[in-house]
Amino acid sequence: MRPNDIIETKKEGGKLKADEIDFLINGYTNGDIPDYQLSAWAMAVYFQGMDKEETAMLTKTMAESGETIDLSKIKGTKVDKHSTGGVGDTTTLILAPLVAACGAPVAKMSGRGLGHTGGTIDKLEAIPGFKTSLSTEKFINSVNQIGAAVAGQTGNLAPADKKLYALRDVTATVDSIPLIASSIMSKKIASGADGIVLDVKTGDGAFMKTYDGALELAETMVEIGEEVGRDVIAVVSDMNQPLGKAVGNSLEVKEAIDTLKGEGPEDLTNLCITLAAQMLQLSNVVETKEEAINKATTALNNGAALNKLKEMIANQGGNSEVVDDYQLLPQGENKLEIKAQQSGYVQKIKAKDVGLSAMLLGAGRATKEDEIDLAVGIELTKKVGDEVTAGSTLATLIYDSEEDLEEAKDKLNSAYQIGKEAPEENPLIYDVVK
Ligand code: URA
Ligand code: CA
């Protein structure tokens, strides 16, 4: 077999066979096939696409390229949840304890933030003492004992994807639906959950800017699940503004705790209830959608989910008093308010620019090696649809260093679009694909 022939087949719009995909991906992972051939292949896939079967084969090959986690020692149907990358998306911190409090085991592997999007592992590290690096044994025992654990991905999960994603990132081949779908699903499959709920974002801050693109990505990932024998549900949700009001690590921990106290922003709360209900259904701890929604809502309202978070924090070495005392979180030193320059209604808050603004303050990483400041970020006072008057506060920057403050301020200013008329409301949840 020769790489050129495989590239040629895809270039002409042909269908690749399982042994060709294995040969190419495994050869690339172990260094036998060079970057330039995989780049050419990825570009051919970008233009020609891959069908359902090819996409599932690619996913399987990447999932099996490294360690695969065996969760069979955990009792019950394990559910995982993954978001395709939002801004201010604090859902995992809420869902893990919420779903566990409702009786479904949550074994969740999460990542760190990069660019304009944040990562759950960074957020959890804002909680004093919280350990995100767990041995597989500790991870499994935690889920059996308290129902939930959230840990960083181990080094060798889907190494083929790691290498290919880095290559796609510098060859303009990230935004290909089969490549995104196989990339995400390979890691989820290798992480071992029986059921997976995907939150596919659409809008300015998302990989898929358009609804049609997001829907196709959602459908492709659900199909991969069918092909490889995992239950997958995909929710398509709005990212035409950041989720909730807080963007930044400590700030989002606080927002998650507020939500678990029943005092969170409406959009974040509603999305969490929707996602939790899907997870509960996949986990077979409820019979109907209505029962799932009731169960999740009750656990939020009666403090059960908040107590589960406390347990989860203590179990992973953190100080659970943080739930009652936000001063225990890292605190930014300075505040700067961004004022509206005209009166009217907020039409849109470009999520990507808000994420970039937070990154400039130090809440996120421009490159993988950057250090982050857990204390800083942005608090949005006004959200889409809110009426504003000139001079009133739109948002507040919380910062430590003035280094990129001006640029962060400009980014946040330009993120807010204000117009005369009240905008039409976007739905928060567009679709559920299963
Ligand atoms: N997230 C991933 O893990 N992979 C992609 O290709 C895009 C988003
Ligand atoms: Ca938020």
query: Considering only residues of segment 2-36 that are free of Cβ contacts under 8 Å to residues at least 12 places away in the same chain and closer than 18 Å to LYS163 by Cα, which is surrounded by the fewest Cβ atoms within 10 Å (Cβ to Cβ)?
result: GLY31
statement: Filtering segment 23-74 down to residues that are polar (S, T, N, Q) and in a loop (DSSP other than H, G, I, E, B) yields ASN30, SER65, THR68, SER72
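Could you pull out the residue among THR136, THR77, THR68, THR59 that is farther than 30 Å from GLY332 by Cα and within 16 Å of ligand 1 (Cβ to nearest atom)?
On the way: THR136 fails: within 16 Å of ligand 1 (Cβ to nearest atom); THR77 fails: within 16 Å of ligand 1 (Cβ to nearest atom); THR68 fails: within 16 Å of ligand 1 (Cβ to nearest atom).
It is THR59.
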message: Could you list, ordered by first residue, the pairs with Cβ atoms under 9 Å in which the first is in segment 198-227 and within 16 Å of ligand 2 (Cβ to nearest atom) and the second is among the aromatic types (Phe, Trp, Tyr), at least 6 apart or interchain?
response: LYS201/PHE207; GLY203/TYR211
- prompt: Would it be correct to say that ILE94 is in contact with a Cys (Cβ under 9 Å, 6 or more places away or on another chain) and either assigned to a helix (DSSP H, G or I) or away from ligand 2 (no atom under 16 Å from the Cβ) (or both)?
  reply: yes
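Here's the yes/no breakdown for (1) touching a residue at least 60 places away in the same chain (Cβ under 8 Å); (2) assigned to a strand (DSSP E or B):
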site: LEU134; (1), (2): yes, no
site: VAL143; (1), (2): yes, no
site: ALA149; (1), (2): yes, yes
site: LYS162; (1), (2): no, no
site: ALA166; (1), (2): no, no
site: LEU179; (1), (2): yes, no
site: ILE184; (1), (2): yes, no
site: LYS187; (1), (2): yes, no
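Quick grid of which residues meet (1) more than 29 Å from ASN307 (Cβ to Cβ); (2) of a type in the set (Asp, Glu):
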{"residue": "LEU114", "(1), (2)": "yes, no"}
{"residue": "GLY118", "(1), (2)": "no, no"}
{"residue": "ASP122", "(1), (2)": "no, yes"}
{"residue": "GLU125", "(1), (2)": "no, yes"}
{"residue": "PHE130", "(1), (2)": "no, no"}
{"residue": "LEU134", "(1), (2)": "no, no"}
{"residue": "GLY147", "(1), (2)": "no, no"}
{"residue": "VAL150", "(1), (2)": "no, no"}
{"residue": "ALA158", "(1), (2)": "yes, no"}
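Coordinate-derived values only; no laboratory data. Nothing here was measured: the structure is a model prediction, and the numbers come from that model. No Cβ is skipped: glycine too gets one built from the backbone with ideal geometry, and neighbour counts run over all protein chains shown.
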